[in-house]
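Written below as structure tokens is the structure these notes are about.
Computed from the coordinates by the stated procedures, all read-outs in this text should not be read as laboratory data. Because the structure is predicted, anything quoted here is derived from the model rather than measured. Positions of Cβ are generated from backbone atoms using ideal geometry, with glycine treated the same way; all protein chains shown enter the neighbour counts.
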Amino acid sequence: MTSARLAFRLQRASVGFAAVVCLGLTALAAWLTLSLPSALEECASPTALHDCGVVSLFGSPLGDPASLSSLGIGVAMYAVPLVLGVPVLATEIERRTAMIAWPLAGSRLRWLVWRAGSVLVIGLVLVGVMAVGAEALTRANHAQGDMGFASHGARGISMVLRSMLVLVMAMAIGAMVGRLLPSLLIGIVFAVGFSMAVDLLPPYGVESTELTAGDTAGGYPFTTGSGYRAPDGRPISEDETNAINQAAFAEYSPEFPPDSVLAYSVSYGIAGSRYIEVLAREAAVLSGATVVASGLAAIVVSRRRPE
Amino acid sequence: MSDDPVLTTRALAKRYGRRTWALTGIDLDIPQGGITALVGPNAAGKSTLIKTWVGFERPTRGGVTVAGIDPWRDRAGALGHLGYVPQSPALYDGLSVADHLDLARQLRPSFDREYARARLAQLDIPADRGARSLSGGQQAQVALAMALGTRAPILLLDEPLASLDPLARREFLHVLTDAVRGDGATALLSSHIVTDVEQACDRLIVLGVGRVLLHETVASALGAHSISTTEHPDAVASFGAPDGSRIYLVRGTADRPASLDEVVLGYLASGRSAVAAA
Amino acid sequence: MSSLLTWARIAFRQQRWELILVSVGVTGVAAGMLWFASTLDAFRAVSPECLAGAGIGSGFAFPDDTGPPVECQSLLEDFYSTQSMATNLMSMAWAAPFGLGVILGAPIVAREIDGGTAQLAWSLSRSRVSWLLRRIAFVALFALALLAVVAVASELLAAAIQQRDLDEDFAFFGQRGLPVVARGAGAMMIGTLVGAFVGRVLPAILASVLVIGLVFVGLSLAHDRWNESEARMQRFWDEAGNPVPFDMGALDVDYGLQTPDGEFLSYGEAYERGLLTETFQDDQGRVYASAADLQAGKVFGHDVRVSIPGERYPELLIRDSAVAVLVGGAALGGTAAVVRRRRPR
């Protein structure tokens, strides 16, 4: 408790900000989760006032709060770790309190574990709560079946993993730069780059296959690409597809041509039922990266001057 | 030279929060010329007193003047007569020594950059060095040079010696004394190390428990007080000697002359006793 | 002149890191915008008839029913894909003013107080207000120059995305041109005020994110209300059944019905009040409450849009910008008041 109390007092503003943001967004997600069933029921009624053509969160009267919630969570999962992580070492060095703390601790690594550990726990708890809220919201939005890869990276374990890596990397950046505001700016650049790059990593070596109707029913799939097939199943190009279909429509006009003479598009990816497999691989990769970032922070702290 | 005091306070009192009185009813007149030492223990109110003249602290009661100007009515007018060295002077990390002098010139057009630069050159402080890489003593000298460069008739220095080693303190006081005597300025220097100021200062103010306990010239303070090893009817106060015995500060003649340190300690003890009695 | 250069040099050095990093970021964003703009324009240069065939640029101009030729489809897919990425980049023009307000504005005074240098600066400068103006001026000019670059780049990108002239067009309102600079000025001053009040760098940054966000959300809502009060109904067909030219550049406030007595009724309101349970519409925008009414020619109302015409874009542009600058001016006044009164530590 002393560690937590001290961690809070050393970073009152950033812990307070993180708590307000995470708990606020979680509350919003919780309200949406609880409100969605009745909102969708309202959409299904004959006297529905709103355009609920798409039976989902965003096609409901809750569309705007839902968009806000998604956007907020998507930003907060990176902003909160930055705000928590950057000041841990940057302010100690900038304010020269490291000159007091490091000799007192004897071992700089022990000091780092103490100083960073409490912030990591606080971050884990806050982001974890937000991740649970996002998970529940996604589940409510896919009440008809499995979630699969729906909102992958912005809910549950995948969100926590990404946030923790950003948090540790923010600490490392703060240790390297040694000044608060420049570290924050560099951290923002890193977080933006990471958020784009991490979406390119899946499916972490899991082989893509052509998605079938069964794959789609088993939960939201992860799409890696698309293609086209001729009516006989032969893979063809997009131009060939357009040519075949235009010819078919011309032949059967004004009737619709039967599906058997039309070329069609196919998707490649990972079936939703294999989500856990991909998630496990992602956990291994991001955890490893987090350990590397921690090592980097430790090396910087052990070698650099305290001012 | 004018007889009007350059720094005054009238019934000055300053409260922080609801109950903490840093200063209680201070009346002071600092005459022009020379260096006045403002001594007292930590939390005596020395910084608060200086900051009221600089306009950083607003008096809760009473008032202050700088060269006859109330800094809370005419801050610009008051500051025009002041050069200030803050406690633990913070310099701009990203600027060099030369940049600091340029900054001072930008902020105060009358700033004598060459004078400040010459002062620093005498101390072998390179102008192109980054502030962050200077030692504590060098940073203090840069802050002093910036205050001296204003060529202000009144200098207020808030515990400038606190973080300096003995050699750096001696150097600092030497530069200050030189400048004050040379320019005919008036300086008020706060410190809790009495022995440092004894050599450089002409006047002594002892501040304790938010009150002025003593305000005299150094010479008269030393001449008017002595130490008795036994109880004395004219004793100002008693306090413990380094050897563990009890000694008495006497206003008058007693066993031996009092050192300036002992005069200060005696009046601080008397202040504490008065508070305890109250 | 040398005094001016000295002032600029010192001011730059006092916030070196932030100014450099922000410059790099803004340069990158502006370069990206210009690249996307030229890429989108290149599509039209390659095949203007493909884009025209898809109604791009002319918008809702009732293109030929057959649509663009087959050979255009690949080019159009590339165009839409590029257009989508470019539209995402436009959001940087919306975020840049706020980002600069937080990153450059909040630390100006906060850092001086937090770092203890305010004691030095405020004792040297005889007037704290003149110190403040001097301190802010360089950073403000720097930031406004960066925002001007973004404003110009986003103006060019917006025109390339829409593939039409946007001089009298509300497309991407607030994300291009003058409002980008004006909002940046306002955000910077608000950030500075928060920083002066809070007196510590990181709390000031976090607080200014919230304060600037709330202020501009509030202003946005107020502008929306103002716009609603000034919007006018426009039908899609006139009484004679001729199509009314569709103002692509108009700012749409609402869609609904114009009742026979000339009042506006949104579809939602019509349903809530039980005036409509289902709708039938002919091909000239006349709405009927039932199939029988349609047969009988009993018109319930006309489909209308409630909008502000595109020709009023310059007026609203100046209005939006003026409000942002006024807010910034008020914040600057507030900052001066805070700086004058507060303790330096």
TODO: List the aspartates and glutamates whose Cα lies under 20 Å from the Cα of residue B:51, skipping any in the same chain that are fewer than 8 positions away.
DONE: B:27, B:29, B:70, B:74, B:158, B:159, C:112, C:114
TODO: Please average, across the residues of C:121-133, the number of beta carbons from any other chain that are within 10 Å of each residue's own beta carbon, and give a whole number.
DONE: 6
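Please report the relative contact order for chain A, taking Cα pairs under 8 Å with a sequence separation of at least 6, and give it as a percent rounded to a whole number.
22 percent
Kirkwood hydrodynamic radius of the protein assembly as shown from all distinct Cα pairs, in Å?
In the protein assembly as shown this quantity evaluates to 33.6 Å.
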Open item on the list: Let me confirm one metric for peptide C:112-120, namely the mean number of other chain beta-carbon atoms within 10 Å of its residues' beta-carbons.
Closed with: 6
Open item on the list: Which one, C:255, C:302, C:265, projects farthest toward the positive side of the charge dipole computed for segment C:251-308 from Cβ point charges (K/R +1, D/E -1)?
Closed with: C:302
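Order B:154-162, A:206-214 from most to least packed using the mean count of other Cβ atoms within 10 Å.
B:154-162, A:206-214
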Task: DSSP beta bridges in the protein assembly as shown [antiparallel fraction, %, rounded to 5] - done: 75 percent
Task: Value of Rg to Rh for segment A:150-293 (Rh from inverse mean 1/r over Cα pairs, i.e. Kirkwood) - done: 1.20
Task: In segment B:1-66, the trypsin sites (Lys or Arg not before Pro) that fall in loop regions by DSSP, at most 13 other Cβ within 10 Å - done: B:18, B:19
Task: Alpha carbon convex hull of chain C, volume per residue in cubic angstrom - done: 174 Å³
TODO: With all distinct Cα pairs included, what does the Kirkwood hydrodynamic radius of segment A:222-270 come out to in Å, to one decimal, could you say?
DONE: 11.4 Å
TODO: Give me the Debye-computed log₁₀ of I(q)/I(0) at q = 0.07, 0.13 Å⁻¹ for chain A, equal point scatterers on Cα only, no solvent, two decimals.
DONE: -0.39, -0.98
Open item on the list: Under 26 Å between alpha carbons, and skipping anything fewer than 8 positions from residue C:298 in its own chain: which lysines qualify?
Closed with: none
Task: Phi to ³J(HN,Hα) by Karplus 6.51 cos²θ - 1.76 cosθ + 1.60 over segment A:178-183, Hz, x for Gly, Pro - done: x, 9, 5, 5, x, 5
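Kindly provide the helix-only [θ] at 222 nm of chain B, computed as the sum of -39,500 (n - 2.57) over DSSP H runs of four or more divided by all residues, to the nearest 500 deg cm²/dmol?
Result for chain B, helices only: -11000 deg cm²/dmol.
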- [ ] Calculate I(q)/I(0) for segment C:251-308 by the Debye formula, one identical point scatterer on each C-alpha and no solvent, and give its log10 at q = 0.18, 0.31 Å⁻¹ to two decimals.
- [x] -0.57, -1.34
Open item on the list: What are the ³J(HN,Hα) couplings of segment A:7-21, residue after residue, when phi is run through the Karplus curve with 6.51, -1.76, 1.60 and θ = phi - 60°? Round to Hz, x for glycine and proline.
Closed with: 4, 5, 5, 6, 9, 3, 5, 6, 5, x, 4, 4, 5, 4, 5
